[in-house]
Amino acid sequence: MGVLWLDEVDKDDIPIVGGKAANLGELIRVGIPVPEGFVVDGKTFMDFLENSGLKEKIIEVLRDINIEDTKQLEGASRKIREMIESTPMPKEVEEEIKQAYRKLCEESGEEVFVAVRSSATAEDLPGASFAGQQETYLNVKGEDEVVEKVKKCWSSLYTPRAIYYRVQKGFRHEDVSIAVVVQKMVNSEKSGVMFTSHPVTGDKIAIIEAVWGLGEAIVSGMVTPDHYEYDRVQRTIKVVKIAEKKIMLTRGEDGKTVKVELDEEKSKARVLSDKEIEDLVNLGEIIEDHYGTPQDVEWAIEKGKIYILQSRPITTIREEKKEEEEVELEEGKILLKGLGASPGIGIGKVKIVLSPDEISKVEEGDVLVTTMTTPDMVPAMRKASAIVTDEGGLTCHAAIVSRELGVPAVVGTEKATKVLKDGMVVTVDGDKGIVYAGAIKEKKKEEKPAVVAQAPIITATEVKVNISIPDAAERAVATGADGVGLFRIEHMVLGLKKHPMKYIKDGEIEKYINELYKGMKKVVKAFYPKPVWIRTLDAPTDEFRAMEGGEDEPIEANPMLGFRGIRRDLKEEEHFRAEIRAIKKLVEEGYTNIGIMLPLVTSPEEVRRAKQIIMEEGLPLDKIEFGIMVETPAAALIIEDIIKEGIDFISLGTNDLTQYTLAVDRNNENVAYLYNETHPAVMKLIERTIKVCKKYGVKTSICGQAGSYPHVVEKLVKMGIDSVSANPDAVQRIREVVARVEKKIMLDKLREKELENIPE
Ligand code: PEP
Ligand code: MG
């Protein structure tokens, strides 16, 4: 592995090349014009971290930090980025990148400018829509420069923003890697972004924002763009708002991005012609059709030709207008008007933040006022009751992030930082784009004619969520998931001050049990009465070693095949008993919405022994559920024998099942190209497991990464799986996929019957 050309990758490669690169490959496949390029895969970075010893050092730096403390977060980020940037890249990787770059230059016979973009493997998962989290370098030229920028993209996996995002979303830092896309630069005369459907209501209205020169000016909020709206049903342009675009970004002679002041005429000129808008919308519709969901597209025009630079799903479309969102405000003095970028009403004290150093000023409930937000401001944005900016359009950083955080926002007011003063109380209406003086009361709405509301999607197959960080439980609940299909407790344990066995050795088992109890309670309480399947500890030795007291961890040649999962807990029985005691405490408090799930089972004896210990601890298994992960071919092939030991459910751990079936170490980049969760052998094991479980009345589920992939879920629903557990970001999308497949199954059955009734 290492370098792959964009036309060689597709959506199945997300785990290796990240969403950004995989999407570009997909676009090429449906005939969308995409600039030529290649991608340095994520395994290359993982390998670099592992072989240089940086991985452990990074875990160490991040262990005890409080992400809400901006100073601590920034300090940790700085330290990690310096470590990565000062460690040399392996020679063979460097040479492979240089060779690929030379190939990009072949056609023109001279060194070309390229964009070097980060493609984090978690950043663009279906459902996640944060912009600007990792870095992008434009106008890079020359092979040494390309190599240097690839390294900088790598280190940008640890910006404060990115660290914060992962913790909040429940991703483990070490599970997220970064691939880097190197793509020929389009020297654009015009560029911008397009939402193929309305980003808040989901209506079939394409929204395009456009500026002169490079599109970076929009995302960074430096320029307020032209705004166009195209009605895709009536096929007409509905809105043309020409903004005053005082500057543009362009490529200077030395290749650097430069800011060019525009003269009055150009700055007030309309950027896109009617024809260009129509052409863009047509391309947008091809992309939306291909993915089956509205898209957020970056585009550029060079010498009259449109290029699509990037596309990702819009995740901010409002499902259903909630009652409280429909309030209207009493009349009040209007201080400012801008664009309503994130719906809702926020009231609070103004805090003007002119640079990221000042974000510690912002306290819970304040109204954050700034020229334009930057990724470093996200911790403060999260605390704010509303956000107001001088600059930006509907797709600027402030708009995108505040929509995802659910914080009302008004952008592009031009003068918020001048008109508003620190300490003033204001009311921000994120629907209408207005900022009022004082705290304005909400007015009861008059009865409105009935509108057809979208009913929440009910599926027969339950859609659950995976969780690793107890603090992320509330957000996970907000996905509407039907419970937790996998609560990985490793993250919580690895985050403790010392190794679990050290607690035990130090005679502090009660302390350890209490830590487990506290973390588990956050999750079972947040989801009560929906079920939470708690998985007993499954951390490989290499991850444990970095903890205090972890020095005794055995050094294993292949930790994936080593001392982990239930086999370990049965050897270190005191540890297993500690977990059971923590769960027992919860059950005694009435939290019976719990399932215990054993990881990495390979034999009936393991299940028998584990059950015996649970009984010895006096935990009543008739009050809660008990099940196993099916993540070894052994478990799948002798599932009948395991069922006979008495289990309520199984959950397919496709991450491990795939690696053990295909003899592909999931952490080894040399064989990553062979890692395929839909390999016929893996699918056969899955199908067999579901069939046998159905026969015996044992519930089936999936909690491996494949449970967040629509194409896999489609197959599993057809096989009759009882529930699917996805990552928080994917829950909504997976629910839609499940609903569609279930409807299709019913429809097919109906049609079959009708056909039978037609006389020959
Ligand atoms: C799996 O193996 O699919 C799984 C969900 O467990 P983990 O990824 O934690 O090994
Ligand atoms: Mg596993």
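Can you spot a residue in the range 585-598 that is at pLDDT 95 or above, in the same structural domain as PHE649 (by TED's automatic domain parsing) and within 13 Å of ligand 2 (Cβ to nearest atom)? For the range 585-598, residues at pLDDT 95 or above, in the same structural domain as PHE649 (by TED's automatic domain parsing) and within 13 Å of ligand 2 (Cβ to nearest atom): present. Considering (1) within 24 Å of GLY483 (Cβ to Cβ); (2) among the hydroxyl-bearing types (Ser, Thr, Tyr); (3) at pLDDT below 95, the lone condition that SER651 does not fulfil carries the number (3).
For GLY565, the conditions (1) within 16 Å of ligand 1 (Cβ to nearest atom); (2) without any contact (Cβ under 8 Å) to a residue 12 or more places away in the chain are fulfilled apart from (2).
For the structure I just gave you, tell me whether VAL419 is β-branched (Val, Ile, Thr), over 24 Å from the mean Cα position of the chain (by Cα) and surrounded by fewer than 24 Cβ atoms within 10 Å (Cβ to Cβ). So VAL419 fits the description; yes. Restricted to strands (runs of 3 or more DSSP E) entirely inside the range 338-450, no element has at least 2 residues that are under 18 Å from GLU68 (Cα atoms) and among the polar types (S, T, N, Q). Filtering ILE359, ILE334 for residues that are under 26 Å from the mean Cα position of the chain (by Cα) and either at pLDDT below 90 or open to solvent by less than 30 Å² (accessible area, probe 1.4 Å) (or both) leaves a single hit, ILE359. When each of ALA341, ALA300 is tested for being out of contact with any Asp or Glu (no Cβ under 8 Å at 6 or more places or on another chain), open to solvent by less than 10 Å² (accessible area, probe 1.4 Å) and at pLDDT below 90, the lone residue that passes is ALA341. Answer yes if at least one residue in the range 694-706 is open to solvent by 50 Å² or more (accessible area, probe 1.4 Å), polar (S, T, N, Q), away from ligand 2 (no atom under 14 Å from the Cβ) and not assigned by TED's automatic domain parsing to the domain that holds ASN51, and no otherwise. Checked against the condition, which is being open to solvent by 50 Å² or more (accessible area, probe 1.4 Å), polar (S, T, N, Q), away from ligand 2 (no atom under 14 Å from the Cβ) and not assigned by TED's automatic domain parsing to the domain that holds ASN51, the range 694-706 yields no hits at all.
Among all positions in the range 542-558, there is at least one residue which is buried (at least 18 other Cβ atoms within 10 Å of the Cβ) and within 25 Å of the chain's Cα centre (by Cα).
If you scan the range 734-757, which residues turn out to be open to solvent by less than 70 Å² (accessible area, probe 1.4 Å) and either hydrophobic (A, V, I, L, M, F, W, C) or within 18 Å of THR293 (Cα to Cα) (or both)?
Listed by number, the residues that qualify are ILE734, ARG735, GLU736, VAL737, VAL738, ALA739, VAL741, ILE745.
If you go through the range 614-655 and keep only what is buried (at least 22 other Cβ atoms within 10 Å of the Cβ), within 10 Å of ligand 2 (Cβ to nearest atom) and in a helix (DSSP H, G or I), you end up with just THR654.
The set of residues in the range 511-540 being buried (at least 18 other Cβ atoms within 10 Å of the Cβ) and either without any contact (Cβ under 8 Å) to a residue 12 or more places away in the chain or within 16 Å of ligand 2 (Cβ to nearest atom) (or both) consists of TRP533, ILE534, ARG535, THR536, LEU537, ASP538, ALA539, PRO540. Let me confirm something: among GLY127, GLY142, which residue is in contact with a helix residue (DSSP H, G or I) (Cβ under 9 Å, 6 or more places away or on another chain), in the same structural domain as VAL93 (by TED's automatic domain parsing) and modelled with pLDDT under 90? Exactly one of GLY127, GLY142 is in contact with a helix residue (DSSP H, G or I) (Cβ under 9 Å, 6 or more places away or on another chain), in the same structural domain as VAL93 (by TED's automatic domain parsing) and modelled with pLDDT under 90, namely GLY127.
When the criteria are applied in full, VAL9 fails the requirement of being surrounded by fewer than 21 Cβ atoms within 10 Å (Cβ to Cβ) and free of Cβ contacts under 8 Å to residues at least 40 places away in the same chain. Applying a threshold of 8 Å to beta carbon distances and a minimum spacing of six or more residues, or different chains, the list of pairs starting in the range 619-632 at a residue that is farther than 26 Å from LEU657 by Cβ and ending at one that is more than 16 Å from ligand 2 (Cβ to nearest atom) reads LEU619/ILE580; LEU619/ILE583; LEU619/LYS584; LEU619/VAL587; PRO620/VAL587; LYS623/VAL587; LYS623/THR592.
Within the range 149-165, the residues that satisfy the criterion of being of a type in the set (A, V, I, L, M, F, W, C) and within 13 Å of the chain's Cα centre (by Cα) are ALA162, ILE163.
When the residues of the range 665-680 are narrowed to those that are away from ligand 1 (no atom under 13 Å from the Cβ) and more than 22 Å from LEU716 (Cα to Cα), which ends up surrounded by the fewest Cβ atoms within 10 Å (Cβ to Cβ)? Only one residue tops the list, namely ASN670.
Candidates are the residues of the range 559-584 that are among the aliphatic types (A, V, I, L, M) and within 16 Å of ligand 2 (Cβ to nearest atom); the one that is surrounded by the fewest Cβ atoms within 10 Å (Cβ to Cβ) is LEU561.
The values are calculated or read from the model by the stated rules, or taken from the named source; none is laboratory data. Worth saying up front: this structure is predicted, and the values here are computed from it rather than measured. As a convention, Cβ positions derive from the backbone with ideal geometry for all residues, glycine included, and neighbour counts pool all protein chains shown. Accessible surface areas use protein heavy atoms only, side chains included; no ligands, DNA or RNA. Shrake-Rupley method; radii C 1.70, N 1.55, O 1.52, S 1.80 Å.
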